[in-house]
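Participant: Okay, here's the structure, questions in a sec.
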Amino acid sequence: MNKVVLMGRLTRDPEVRYSQGEKAMAIARYTLAVNRRFKRDGEPDADFIPCVAFGKAGEFAEKYFKQGMRIVISGRIQTGSYTNKEGVRVYTTDVIVEEQDFCESKNAMGQGSSFDGGYQQAPAGRPAPSAAVGDGFMSIPDGIEEELPFN
């Protein structure tokens, strides 16, 4: 099975090109800076992963993704190679995007876009997403522990 899930920040705006022919298809390329969970002395604390989104996913990236945004993607790793102008064999590794989404709200991103950042209207009687703490999880009110179905 070849499945990858990554969460990180865009290092720059996606670079989008369109294929030639009758049915031009968007091809978006972007790089995700993904923090390492553990770091060793002298090593970088992030990896920079090249990603490629095709078709509608590429159009979505072109329209909504901007440098610095925190996104999550899932896809597959694809390797390849080519010979450059100097005659040297170059090996490539990309993540082919199958799904992509935002990881933070529009307010957290500081964007003025019309996209709602994936948050929906909160059900009646529950705090709105703006009451979320940290990574988008709502805090549990005091004294409710005994009503929860888990410890």
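Since every read-out is calculated from the coordinates, none of them should be taken as a lab result. Computed from a prediction, not measured in an experiment: that's the story for all the values here. Glycine gets a Cβ as well: all are built from the backbone with ideal geometry, and neighbour counts include every protein chain shown.
Participant: What pairs from LYS3/LYS56; LYS39/LYS66; LYS23/LYS56; LYS3/LYS85; LYS23/LYS63 go past 23 Å between their alpha carbons?
Facilitator: LYS39/LYS66; LYS3/LYS85
Participant: Okay, next question. As an exercise, identify the trypsin sites (Lys or Arg not before Pro) in the range 1-64 lying in DSSP coil whose Cβ has no more than 13 other Cβ atoms within 10 Å. Let's see the in-between values first.
Facilitator: Numbers: sites: LYS3, ARG9, ARG12, ARG17, LYS23, ARG29, ARG36, ARG37, LYS39, ARG40, LYS56, LYS63; in loops: LYS3, ARG12, LYS23, ARG36, ARG37, LYS39, ARG40.
For trypsin sites (Lys or Arg not before Pro) across the range 1-64 that sit outside H, G, I, E and B with at most 13 neighbouring Cβ atoms in 10 Å, the list reads LYS3, ARG12, LYS23, ARG36, ARG37, LYS39, ARG40.
Participant: Over the Cα atoms of the range 8-52, how large are the radius of gyration and the largest Cα-Cα distance (Dmax), in Å?
Facilitator: 15.3, 52
Participant: How much net charge surrounds GLY75 when only other residues with a Cβ under 11 Å from its Cβ are counted (Lys, Arg +1; Asp, Glu -1)?
Facilitator: It works out to a net charge of -1.
Participant: Taking the mean number of other Cβ atoms within 10 Å as a proxy for protection, how do you rank 91-97, 79-85 from highest to lowest?
Facilitator: The densest-packed peptide leads the list: 91-97, 79-85.
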